[in-house]
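Worksheet for the structure shown next.
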Amino acid sequence: MEKPQITIVAVPRERFCFARESLESLYENTEFPFKLVYVDNNSPAKLRRYLETQAVLKGFQLVRTEYSLSPNQARNFGLRHVSSQYVVFIDNDVIFSPGWLKALFDCAEDTGATVVGSLVCQHTPVHEIIHCAGGEYMPPEEFTQFASEKQSSISPNPFGSEGKWHIREKIYRQGQRLSEVGDELKRQPTGFVEFHCVLVRTELFQQVGLLDEGFLCTKEYLDLCMTVAKAGGAVYLEPSSLVTFLSHPPAPPLEWSDIPYFMLRWSDAWELASLRHFRSKWDLAETEYFTRRYKRLGWRRHKEIVKPWSRRLAFGHDYEPLIQLLKQWEKKLNHYLSDRYTKAHAQHNQVLSATQFSSQS
């Protein structure tokens with residue numbers, strides 16, 4: 001049997017409750033040959049048992065970590081098991097449309113693109129509201145100069161330097177109905193696509209190394225696409241590859257088993273560290289783009305945890321004093337949990353390093 005040209009690496013995005021529905025959708029809507037490496041990122045026991053069963057039934061490779069990884073860490077963990085020409089990174093909350101994978105492959109083959117992203121929709125009903133149809137992060141004239149300054153490696157500037165480049169992230173078509181703009185969407189080069197569902201030529205990682213794990217929770221998709229531009233590659237949007245990531249507006253309270261990873265994934269510490277790393281690595285000026293994001297730290301936790309629980313406690317009403325009180329408590333708890341994770345992760349690495357050293361000796 002011929003070896004598949006594509007390996008899919010599935011990782012958690014922010015929670016685990018949609019993982020089963022996503023995996024079932026993957027197999028129902030994918031006829032193009034693929035190998036699946038599923039990263040079980042310290043998932044809850046019930047999901048872990050389900051994944052173990054499905055890995056045997058469907059024949060995919062299940063790799064597990066006993067502690068939580070950031071998305072890029074999880075992708076790199078899966079990437080180490082990839083030897084195919086292409087890798088497709090997917091999140092564990094994505095629903096797929098028929099033909100989605102072959103469309104990505106055909107685009108890469110036809111155009112020579114380094115990265116190809118799907119047209120991503122959001123929420124339910126699926127495949128109706130656009131989340132990302134590509135985007136840009138610099139004015140065209142500045143992007144041309146940025147992309148032309150190729151370098152073999154990127155040397156970070158100290159955080160706090162003025163910065164040369166002005167980032168301007170603009171997502172195309174977000175919030176628009178696919179039924180109203182679908183005919184206008186064509187296969188085309190774009191500045192960036194997002195990690196919800198993205199194909200990458202694996203030779204890129206031989207050229208530039210693995211995904212940057214300094215991006216803990218945000219802007220990792222911009223870093224990938226900026227790296228491709230610096231390396232002289234191309235990023236394409238392929239709208240005939242249609243996927244949707246699941247969410248429920250308005251969001252219900254998270255399942256208890258989802259809360260620990262969600263709070264870490266969108267912790268103030270991880271987001272602030274990611275933004276600072278982004279600035280430093282790419283020599284970006286600290287414009288309103290960054291200051292606006294500093295002010296919004298924790299907004300996802302406010303939306304998905306604080307507000308739903310405040311409504312429960314206030315019998316369905318938005319009681320502002322209670323919301324503000326819960327925000328203060330949640331922020332303190334978030335800082336405590338992220339600090340505890342950092343210490344535990346450091347200890348785990350020390351034990352792992354000692355074990356590896358001992359085995360080598």
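Please report, in whole Å, how far the alpha carbons of region 108-147 spread along each principal axis, starting with the longest.
For region 108-147, the Cα spread along each principal axis is 41, 27, 9 Å.
Charges only on Cβ, +1 for Lys and Arg, -1 for Asp and Glu: so what's the dipole of region 256-356 about the Cα centre, in debye to the nearest 20?
On the way: 19 positive and 11 negative charges, 18 e Å.
Its charge dipole is roughly 80 debye.
Can you give the convex hull volume per residue for the Cα atoms of region 256-356, as a whole number of Å³? Let's see the in-between values first.
Working: hull volume 12.2 nm³, N = 101.
Looking at region 256-356, the number lands at 121 Å³ per residue.
In deg cm²/dmol and to the nearest 500, what is the mean residue ellipticity at 222 nm of the chain if only DSSP H runs of at least 4 residues count, each as -39500 (n - 2.57), divided by the residue total?
On the way: 13 runs with 153 residues, N = 361.
Rounded to the nearest 500, the figure is -13000 deg cm²/dmol.
Return the percentage of antiparallel bridges among DSSP beta bridges fully within the chain, rounded to the nearest 5 %.
If we restrict to bridges inside the chain, about 45 percent are antiparallel.
Using Cα-Cα distances under 8 Å and only pairs 6 or more residues apart, what relative contact order does the chain have, in percent?
Over the chain, the number comes to 21 percent.
Beta carbons within 10 angstrom, averaged per residue: use that to sort the peptides 27-36, 128-137, 63-72, 324-333, highest first.
Per-residue mean Cβ counts within 10 Å order the peptides as 128-137, 63-72, 27-36, 324-333.
Report, in debye and to the nearest 20, how large the dipole of the chain comes out about its Cα centre when Lys and Arg carry +1 and Asp and Glu carry -1 on their Cβ.
Magnitude of the dipole: close to 1080 debye.
With no solvent and one point per C-alpha, what does the Debye sum give as log10 I(q)/I(0) for region 93-222 at q = 0.15 Å⁻¹?
Evaluating at q = 0.15 Å⁻¹ gives log10 I(q)/I(0) of -0.88.
By how many nm would the segment from Gln145 to Ser179 lengthen if fully extended, with 0.36 nm per residue of separation less the alpha-carbon distance? Mind showing how you got there, number by number?
Values: separation 34, 0.36 × 34 = 12.24 nm, distance 3.64 nm.
So the extension gain works out to 8.6 nm.
If the chain between Asp339 and Glu286 were fully stretched, how many nm would it gain, using 0.36 nm times the residue separation less the Cα-Cα distance? Don't skip to the end; give the middle numbers.
Values: separation 53, 0.36 × 53 = 19.08 nm, distance 2.61 nm.
Length difference between fully extended and current span is 16.5 nm.
With the cut-off at 26 Å, tell me which of the pairs Lys35/Lys230; Lys3/Lys219; Lys281/Lys327; Lys164/Lys295; Lys102/Lys281; Lys46/Lys332 have Cα atoms farther apart than that.
Lys35/Lys230; Lys3/Lys219; Lys281/Lys327; Lys102/Lys281; Lys46/Lys332
Using Cα-Cα distances under 8 Å and only pairs 6 or more residues apart, what relative contact order does region 256-356 have, in percent?
Relative CO of region 256-356 lands at 32 percent.
I need the calculated FRET efficiency for the pair Leu272 and Ser83, taking r as the beta carbon distance and R₀ as 30 Å, to the nearest 0.05.
The formula returns an efficiency of 0.25 here.
Take the Cβ-Cβ distance between Arg168 and Gln5 as r, set R0 to 41 Å, and report the resulting FRET efficiency rounded to the nearest 0.05. Write down the numbers at each step before the final one.
Working: r = 36 Å, r/R0 = 0.87.
Computed FRET efficiency for Arg168 and Gln5: 0.70.
At Gln324 and Thr124, where each label point lies 7 Å from the Cα along Cα→Cβ, what is the point-to-point distance in nanometres?
Result for the modelled spin labels: 3.6 nm.
Convert each backbone phi in region 297-309 into a coupling constant with the Karplus relation 6.51 cos²θ - 1.76 cosθ + 1.60 (shift: θ = phi - 60°), then list the ³J(HN,Hα) values in order as whole Hz, x for Gly and Pro.
3, x, 5, 5, 5, 4, 6, 9, 10, 5, 5, x, 6
Work out the charge dipole of the chain with +1 on the Cβ of Lys and Arg and -1 on the Cβ of Asp and Glu about the Cα centre, then indicate which of Cys197, Ser338, Phe34 is farthest towards its positive end.
Looking along the dipole axis, the top candidate is Ser338.
So between Phe205 and Arg64, what do we pick up on full extension, going 0.36 nm a residue minus the alpha carbon distance?
Extra length available between Phe205 and Arg64 comes to 48.5 nm.
Which percent of the Cα-Cα distances in region 1-97 go past 18 Å?
Everything past 18 Å amounts to 40 percent.
Ranked by Cβ crowding within 10 angstrom, fewest neighbours first, how are Glu149, Glu14 ordered?
Exposure proxy ranking, most exposed first: Glu149, Glu14.
So, how do all the Cα-to-Cα distances of region 6-245 break down into 5 Å bins, in percent, from 0 on up?
Result, from short to long distances: 1, 6, 14, 19, 20, 17, 12, 7, 3, 1, 0 percent.
At a threshold of 8 angstrom on Cα-Cα distance, excluding pairs fewer than six apart, so keeping six or more, what relative contact order does region 8-85 reach in percent?
So the answer I get is 39 percent.
Values in this text are rule-based calculations from the coordinates and carry no lab data. As the structure is a prediction and not an experimental result, all values here were calculated from the model. Neighbour counts are summed over all protein chains in view; Cβ atoms, including those assigned to glycine, are modelled from backbone coordinates with ideal geometry.
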